[in-house]
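Note sheet for the following structure.
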Amino acid sequence: MIKNINPFWNPARHADRRPVLLARGRIKAAIRRWFEDQGFVEVETACLQVSPGNEAHLHAFATEWRSEAGARHPLYLHTSPEFACKKLLAAGETRIFTFAPVFRNGERSALHAPEFTMLEWYRAGAPYTTLMEDCAALLRIAADVTGRDPWTFRGRSARPTLVPHRVGVDELFRRHAGIRLLEHTLPRGLPDRDALAREASRIGVRVAIDDTWSDLFSRILVERIEPALGAEPDAAPVVVDAYPTHEAALARPSPADPRVAERFELYACGVELANAFGELVDPVEQRRRLETEMDEKERIYGERYPIDEDFLAALALMPPASGCALGFDRLVMLATGATHIDQVLWTPAPDLGTRGL
């Protein structure tokens, strides 16, 4: 283990960080007031779950519960409060929000921490486009609290007080990669891996023999699309809408085009801030999608996580709803001008030598 020579509890370092941490509290309080004024109820979800979530590329922290009789039951720290929140919707709640501590293993960088705060909220009976308006309101709140506009990060800037620009994934692939994603690589909504591999090779994106359609989609998104988001000075935040249904395991298909889902992501300064869905409530289809995700996880990483049977049972009672997950720490970073997520965390996770700050 490499000793951290400048820990967060060093008085001089804390003095430097304290103004940002106080701003974090003011942003949280202002957001909480906004949700309460909108008729939302704040909820607290348990971190320990039988399933941490079932996304192929997210890795969880595993633990176990031991009964007094000595029985052992595996449990996980959740990667998102989503399953728990949807159970509350099934129970009868209609507008809920939570500032949830969440945990993701194998992630640490300027924008990633093993433990961070997810601001997640749900609206029963609301179209997912309503969440775009919510996201715009939250950006303005954070900007108003700190008085910073524009925001900047790694040479990119964004005006948080402007209405976010909405653009579809298919249009972004055409514009920045020259790929007609839906027409040429998703015929009838079914992923054509070889077609996307040919397109990736044509534009100089690496293709491996064992790459799936999803692997190639993600690589092109990271290398060609995301760098173009917010590249213009003082641009509006960007809402990237209508992800392929193949890339939205928890979202319902669009009634206008079943090849795409009711899913969007919010970007500012090129930083992904939020991920939102029109929620899928079909338990049979949801099980199929989660099992597909776990099959992919096992293929790549040699492990899989349990499926939460209570979650699937709750879907049968859950009303139509839309939900959004926003990285609260990243929002605070942009609003305060911080350059590393550890600067906005009161007590960052232990530094085990991966990097210092």
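Anything in region 150-162 that is out of contact with any strand residue (DSSP E or B) (no Cβ under 9 Å at 6 or more places or on another chain) and modelled with pLDDT of 95 or more? List them, or say none.
The one that is out of contact with any strand residue (DSSP E or B) (no Cβ under 9 Å at 6 or more places or on another chain) and modelled with pLDDT of 95 or more: Thr161.
Would you please name the residue that is nearest to Arg252 (Cα to Cα), looking only at residues in region 283-303 that are exposed (fewer than 15 other Cβ atoms within 10 Å of the Cβ) and basic (Lys, Arg)? Break it down into steps so the answer makes sense when it comes.
Within region 283-303, the subset exposed (fewer than 15 other Cβ atoms within 10 Å of the Cβ) is 284-285, 288, 291-292, 295, 298-303.
Now restrict to residues that are basic (Lys, Arg): 288, 299.
Values: Arg288: 13, Arg299: 25 Å.
If we take residues in region 283-303 being exposed (fewer than 15 other Cβ atoms within 10 Å of the Cβ) and basic (Lys, Arg), then Arg288 is nearest to Arg252 (Cα to Cα).
If you go through region 179-198, how many residues are in a helix (DSSP H, G or I) and out of contact with any helix residue (DSSP H, G or I) (no Cβ under 7 Å at 6 or more places or on another chain)?
5
Test Arg18 against the criterion of being part of a helix (DSSP H, G or I), under 18 Å from Met118 (Cα atoms) and of a type in the set (Lys, Arg), and give yes or no.
So Arg18 fails the test.
Which of the strands (runs of 3 or more DSSP E) found entirely inside region 36-122 contain at least 3 residues meeting this: assigned by TED's automatic domain parsing to the domain that holds Phe153 and farther than 22 Å from Glu291 by Cα?
61-66, 95-103
Which condition from (1) surrounded by fewer than 22 Cβ atoms within 10 Å (Cβ to Cβ); (2) part of a helix (DSSP H, G or I) is the one that Ala335 breaks?
Unmet condition: (1).
Considering only residues that are farther than 26 Å from Arg148 by Cβ and β-branched (Val, Ile, Thr), look in region 27-56 and name the one that is surrounded by the fewest Cβ atoms within 10 Å (Cβ to Cβ).
Here the answer is Val41.
The values are calculated or read from the model by the stated rules, or taken from the named source; none is laboratory data. For clarity, every value in this text was computed on a predicted model and none was experimentally measured. Backbone-built Cβ (ideal geometry, glycine too); neighbour counts: all protein chains shown.
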